[in-house]
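First the structure, then my questions, so here it is.
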Amino acid sequence: MHYDAIIIGAGMSGIAAGIRLAMFDKKVCILESHYVIGGLNSFYNMKARKFDVGLHAVTNYVPRGTKGAPLTKLFRQLRIPYEDFKLKPQNYSEVVFPNKRITFTNDPKHLEESIAKEFPHQIDQYIKLIEFILSYDNLTLDKVETQTAREFLNEVFTDQTLIEMILCPLTYYGSAIENDMELGQFVTMYKSILLEGFARPDEGVRQILKVLKKKYKEVGGELKLRNGVTKLIRKNELITEIHTEKEEILTADLIISSAGYLNTLNLIDGYEPQTPQKFTGMMSFMESISCLSKPQTDFNYDASITFFNTRENYLYEDAKDFIDPCSGVICSPGNYQLDKPIDEPVIRITNIANFKLWEDLKTNDIDKYYHQKEDSYQRSLKEVFKFKDDFTSAVTFTDIFTPHTIKRYTGHINGAVYGSPVKTKTGKTPFDNLVICGTDQGFLGIIGAILSGISISNLYGLVK
Ligand SMILES: Cc1cc2nc3c(=O)[nH]c(=O)nc-3n(C[C@H](O)[C@H](O)[C@H](O)COP(=O)(O)OP(=O)(O)OC[C@H]3O[C@@H](n4cnc5c(N)ncnc54)[C@H](O)[C@@H]3O)c2cc1C
C-alpha cells in the first residue's frame, strides 16, 4: 500500500501531523506500537480508576482569541474550536526553595510582584530578562546559540538562588540536559509557563486525545494501533519501504517519525547512525499518584503545581540513587478553576529517577522492583513532608510509575522523558523523505508536541 505520508507514532505530535496532512487531502497513515494513542501523554485504567500517564497541566494557556499565541495558532491550524479542549486555568503555582518561595499565575504581573517581594535587589534585572524574552526570535529553526540558559542568566542576575528558582520549573518541564537548558528552549519554556501559563482539560488528557482522534478520523486519516514500525529499508538517500509488526510492507512519499531521532535512525536496515551517544538522553522521572479520601486542600495543598528543591543548590541531573527526592514537582489536579470538584482528590509527585537502576531491577528481580517502588515512594513523601503537611492518613490508593514505564509507553531510549539532549529543529535526517517531529525536534510538552507536528507537516508535507 502506498501513502502520501506515513507517520511513526500516535503521540501528540504524530496525531497533529496526521490531522494537518489529511486535512489537505493527503493519504495518511499513522502507525503506533501501542494499543492506545497519546504516547507519553496517554491514560490507563486501574482498579476502576482513570489515570493520566503524564499530564500535570497544559502549558501555553491563553484565553480564547489571544492574537499570535501558540495555543491560538494550534486551534486555527487544526481547525478545532477552542472550547473543545475544555481548558480550566490554574489557581496559582509556586516554586519553593529553602527559605524562599515565589508564586505565579496566568497573569505575568503576579510573578513580577512575587520576585519584587522575595528578591527586591534583582527586580530591575528581572524586567530586563522579560524584555529579552519578548524580543527573542525563536521561530528561526536553525539558529545557533553561543550561550546556554544558565550562562545567560548568570550575566543577568547576581543572585544564584533566583537563577535556580527560575530554572527549576523550566528544566523539570522541558530540559533534556543536566543542570542547564539550551537558550532558545529556555525562552520557549519561559513564555509557555511563566508568561502564558497552566490549565487542565476538564477530563484530563483523555479530553484532548478524544478531540484529536475524532478530528483525524473526520479528515480521513488512517490509524493502525499495535502495528509499530519494525524496519525501514533504504536505497541511497531515500526510505523505500516501511515494515510493520503485523508484517505489512508499506511505501510513502514522506515519512514523519515521532519516535525520536536516534530510535528512528536505528530502525533503518543496515544503517549505523553517527555519534549515537550525542543523541542519547538520560533525564527520567518517577511519578507517584496518591488518591485521597479528603480534598488535598484539607492538607494545605492549595497550589495547582509546586516545584520544589530542599537542597542549598538545585540539582537537575541524573539521580545517583533510584530517585533524587530532594527536588521535584507536586501536582494537584483538583486545584484548577473547575466547574465541579474532581471525583477523587489526587496528588501527583514527580522526582528525577535513574533509568539504569530501575531497568536492571525490573529485568533481574521483579519482587525487588516492586519493593523499591514502595521504598522510593516513602522517601519521596518524607522529603515533601519537610515543607508540606503529611497527607498519608487520607491515602486510599497509590500507583507509581518509573523510568521503565516511560520507556514502555514511548520507546524513548533510557526512558528519557525529553529525549535527545541535541535537538534537530529542522526535523531533517540524512534521508530525503524521512523527517522527525515531536520531542527530538525540540518542541516539548503537549502543546509543544502538537505544534511540532503541525509545523513539520506544513514544512515538508504541504509545500507546493
Ligand atoms: C511524568 C511526566 C509528566 C508530564 N507532564 C506534562 C504536562 O503536565 N504537560 C505537558 O505539556 N507535558 C507533559 N509531559 C511531556 C509530554 O508528555 C511530552 O512532551 C509529549 O507528550 C511528547 O509527545 P511526542 O508526540 O513528541 O512523543 P511521544 O509521546 O513520546 O510519542 C511517541 C509515540 O511514538 C510511538 N512509537 C515509538 N516507536 C515506534 C515505532 N517503532 N513504531 C510505531 N510507533 C512508535 C510511541 O509508542 C509513542 O506513542 C510530561 C511527561 C512526563 C513523563
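Derivation of every value follows stated rules applied to the coordinates shown; laboratory data play no part. A quick note: this is a predicted structure, and the numbers were derived from the prediction, not measured. Using ideal geometry, Cβ is built from the backbone for each residue, glycine included, and neighbour counts are taken over all protein chains shown.
How do 187-199, 339-351 rank on mean C-beta neighbours within 10 Å, highest first? Walk me through the numbers before you get to the answer.
Values: 187-199: 22.9, 339-351: 17.2.
Ranked from most to least packed, the peptides come out as 187-199, 339-351.
Another question, then. Taking a threshold of 29 Å on the Cα-Cα distance, which of the pairs LYS368/LYS407; LYS27/LYS50; LYS128/LYS382 fall above it?
Working: LYS368/LYS407 19 Å; LYS27/LYS50 34 Å; LYS128/LYS382 39 Å.
Beyond 29 Å: LYS27/LYS50; LYS128/LYS382.
If we sort 362-373, 219-230 on the protection proxy, mean other Cβ atoms within 10 Å, highest first, what's the order?
Values: 362-373: 13.6, 219-230: 17.7.
Ranked by mean Cβ neighbours within 10 Å, highest first: 219-230, 362-373.
Name the shape class, rounded, prolate or oblate, that the alpha-carbon gyration tensor gives for the stretch 1-109, where a ≥ b ≥ c are the square roots of its eigenvalues, rounded holds for a/c under 1.5, and otherwise prolate holds if a/b is larger than b/c and oblate otherwise. Numbers along the way, then the final one.
Working: a/c = 2.62, a/b = 1.52, b/c = 1.72.
Oblate.
Nothing charged except the Cβ atoms of Lys and Arg (+1) and of Asp and Glu (-1): what's the magnitude of the dipole of the stretch 282-410 about its Cα centre? Round to the nearest 20 debye. Don't skip to the end; give the middle numbers.
On the way: 15 positive and 21 negative charges, 27 e Å.
About 120 debye.
Based on the alpha-carbon gyration tensor of the stretch 131-278 and its eigenvalue square roots a ≥ b ≥ c, which shape applies: rounded if a/c is under 1.5, prolate if not and a/b is larger than b/c, or oblate?
Numbers: a/c = 2.71, a/b = 1.59, b/c = 1.70.
In terms of gyration-tensor shape, oblate.
Okay, next question. What percent antiparallel are the DSSP beta bridges of the chain, to the nearest 5? Working shown, then result.
Values: 48 of 70 bridges.
In the chain, DSSP labels about 70 percent of beta bridges as antiparallel.
Would you mind calculating the gained length between THR158 and ASP321 on full extension (0.36 nm times residue separation, minus the Cα-Cα distance), in nm to one decimal? If you can, show how the numbers build up before the last one.
Numbers: separation 163, 0.36 × 163 = 58.68 nm, distance 3.21 nm.
Value of the extension gain: 55.5 nm.
Expressed in whole Å with the largest first, what are the equivalent ellipsoid semi-axes of the stretch 282-410 derived from the C-alpha gyration tensor as the square root of 5 times each eigenvalue?
On the way: eigenvalues 130, 57, 36 Å².
In descending order the semi-axes read 25, 17, 13 Å.
Here's something else I'd like to know. May I ask you to compute the full-extension gain from LEU238 to PHE387, defined as 0.36 nm times their residue separation minus their alpha-carbon distance, rounded to one decimal in nm? Provide the component values of the computation, followed by the final result.
On the way: separation 149, 0.36 × 149 = 53.64 nm, distance 5.60 nm.
Result: 48.0 nm gained on full extension.
When all C-alpha to C-alpha distances in the stretch 90-167 are sorted into bins of 10 Å, what percent of pairs does each bin hold, rounded to whole numbers?
16, 47, 29, 8, 0
Under a straight-distance cross-link criterion of Cα-Cα below 16 Å, which lysines are reachable from LYS231, leaving out those fewer than 8 residues away in the same chain?
LYS246
So how far, in whole Å, is the C-alpha centre of the stretch 34-95 from the one of the stretch 192-271?
That distance is 19 Å.
Treat each spin label as a single point 7 Å out from the Cα along the C-beta direction, and report the LYS67 to ARG79 distance in nm.
Modelled inter-label distance: 2.5 nm.
Let me ask something else about it. Could the peptides 443-453, 173-183 be put in order, highest first, of the mean number of other beta-carbon atoms found within 10 Å of their residues?
Details: 443-453: 26.9, 173-183: 21.1.
The densest-packed peptide leads the list: 443-453, 173-183.
Specify whether the C-alpha gyration tensor of the stretch 48-127 places it in the rounded, prolate or oblate class, a ≥ b ≥ c being the square roots of the eigenvalues: rounded for a/c under 1.5, otherwise prolate if a/b is larger than b/c and oblate if not. Provide the component values of the computation, followed by the final result.
Numbers: a/c = 3.43, a/b = 1.56, b/c = 2.20.
It comes out oblate by the Cα gyration axes.
Let me ask you something else. Past 30 Å, Cα to Cα: identify those pairs from LYS88/LYS224; LYS67/LYS425; LYS143/LYS278, in the order given. Intermediate values should be presented prior to the final figure.
Values: LYS88/LYS224 32 Å; LYS67/LYS425 24 Å; LYS143/LYS278 19 Å.
Over 30 Å apart, Cα to Cα: LYS88/LYS224.
Right, next: Along the positive direction of the dipole of the chain (beta-carbon charges: Lys, Arg +1; Asp, Glu -1; about the Cα centre), which of PHE385, VAL463, PHE279 reaches farthest?
Of the options given, the answer is VAL463.
Please give the contour-minus-distance gain from ASN179 to ASP269: 0.36 nm per residue of separation, less the Cα-Cα distance, rounded to one decimal in nm.
Details: separation 90, 0.36 × 90 = 32.40 nm, distance 3.57 nm.
So the extension gain works out to 28.8 nm.
Nearest 20 debye, what's the magnitude of the dipole of the chain about its Cα centre given +1 on Lys and Arg Cβ and -1 on Asp and Glu Cβ?
1340 debye
Could I ask something else about it? Expressed in nm², what is the orientationally averaged projection area of the convex hull enclosing the Cα positions of the chain?
Values: hull surface 86.4 nm².
For the chain, the mean projected area of the Cα convex hull comes to 21.6 nm².
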